[in-house]
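So the structure is just underneath, and the comments pick up after that.
The values are calculated or read from the model by the stated rules, or taken from the named source; none is laboratory data. This one's a predicted model, so the numbers in the text were calculated from it and none came from an experiment. For neighbour counting, all protein chains shown are included, and Cβ atoms are generated from backbone atoms with ideal geometry for every residue, glycine included. Side chains are part of the model used for accessible areas, which takes the heavy atoms of the whole protein and leaves out ligands, DNA and RNA. Shrake-Rupley method; radii C 1.70, N 1.55, O 1.52, S 1.80 Å.
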Amino acid sequence: MNVTLAVKQYISKMIESSGPGMKVLLMDRETTSIVSVVYTQSEILQKEVYLFERIDSQNRDNMKHLKAICFLRPTKENVEHLIQELRRPKYSVYFIYFSNVISKSEIKALAEADEQEVVAEVQQIITKEYELFDFRKTEVPPLLLILDRSDDAITPLLNQWTYQAMVHELLGLNNNRIDLSRVPGINKDLKEVVLSAENDEFYANNLYLNFGEIGTNIKNLMEDFQKKRPKGQQKLESISDMKAFVDNYPQFKKMSGTVSKHVTVVGELSRLVSERQLMEVSEVEQELACQNDHSNAQQSVRRLLQNPRLSELDAVRLVMLYALRYERHSNSILPALMDELSRRGVSERHRRMVKAVVEYGGKRVRGSDLITPTDAVAITKQFFKGLSGVENVYTQHQPLLHDTLDQLIKGRLKDSQFPYLGPSSLRDR
């Protein structure tokens, strides 16, 4: 299911249940983040919500012409804030929605505090909207697959090359917002940008495309605009050309702030990829994850660790991948790599992560054949994969989940790894 859409629908129901009229949305720190992710301010204004307040704010004014919609977690602190609010109500009526179950004693405390009888409704969203946990009715019952993250500790360590993943990994995305204030020469209007697939068509269409395709798509959009200009057309051969074009044509910014935003984001991603030499790093990561050539792998890792431009995080992740991949190799050079991390000045905290990842997802813990397949089919697939090569050396690796789901669909999951509980008819379908 689409969780973002589901939460948006729940919030819409809260607002609509209060009826027509001007409203204030009263939230806590966490529910403020939830609402900001699923709704833009302009969207929620259209639903007659004109004010947004925190329940713990001490400086709110009395506004008896507003209805209050309270969306809160059922914590002791929030309940206490709400009790104080009801004893001295600032709004005409209160519609209270908790994000989870609240105890009967706390309900009683709220009722006792409501001496002025301003509470119109109290609901628990999770218990009320029970269909959240209902699968749609089908002829064949659904099957629940329970996984253990430690079965595949390799996938989270790899650099990713799709747009959304790169934004998360290299820039950080918090409540759909990216902080670009530290980007060299950043325009003041772009120090913080919002990326939301709900409200940004370009982002929605390019979420899962690789880095090269994104740059091409932005270039195509800008060239389409340039065609409308009879003269002064300039070539767009690089990310820097695109950024210069945006800076030189204010009306383009006005017409397409979305493209300006993405040119800036892709430009910063491009700078970081170059600065941290991530293409070279990623190639070695993929070699460690997908190939079985210890001699070449240990040379590649050593060479990168001696590169002063390699970041501490990338250096540690390479050694972690090596440790997982060649954990029991007779000629393992892990001690030497750990010494190299020390010489580079890598913090003790990060060095300890190498041992920790092996303890968490090493051979002793894993239930799967993550590194060295033992069945004939898997060995044959790996052999032919190595022979045929790949179109993109940076995306060779496929998560273990891909093969697990494939085996599940074909009814070939091993009982020893995935014990089954349920009707035999479902298993054999």
Scan of the stretch 331-388 for residues that are polar (S, T, N, Q) and either assigned to a helix (DSSP H, G or I) or at pLDDT 85 or above (or both), ordered by number: 331, 332, 342, 347, 380, 382, 388
Output for the stretch 281-294, where each listed residue is open to solvent by 70 Å² or more (accessible area, probe 1.4 Å) and in a helix (DSSP H, G or I): 283
Members of the stretch 312-331 that are hydroxyl-bearing (Ser, Thr, Tyr) and either at positive phi or open to solvent by 40 Å² or more (accessible area, probe 1.4 Å) (or both): 330
Filter result (assigned to a helix (DSSP H, G or I) and surrounded by 15 or more Cβ atoms within 10 Å (Cβ to Cβ)) within the stretch 169-203: 169, 170, 171, 190, 202, 203
Residue in the stretch 198-209 that is closer than 23 Å to residue 276 by Cβ and either at pLDDT below 90 or in contact with a Leu (Cβ under 7 Å, 6 or more places away or on another chain) (or both) present: no
Positions within the stretch 113-140 being part of a loop (DSSP other than H, G, I, E, B) and either in contact with a Leu (Cβ under 6 Å, 6 or more places away or on another chain) or modelled with pLDDT under 75 (or both), in sequence order: 114, 129, 134, 135, 136, 137, 138, 139, 140
Restricting the stretch 346-370 to residues that are more than 19 Å from residue 155 (Cα to Cα) and free of Cβ contacts under 8 Å to residues at least 24 places away in the same chain, the residue that is surrounded by the most Cβ atoms within 10 Å (Cβ to Cβ): 352
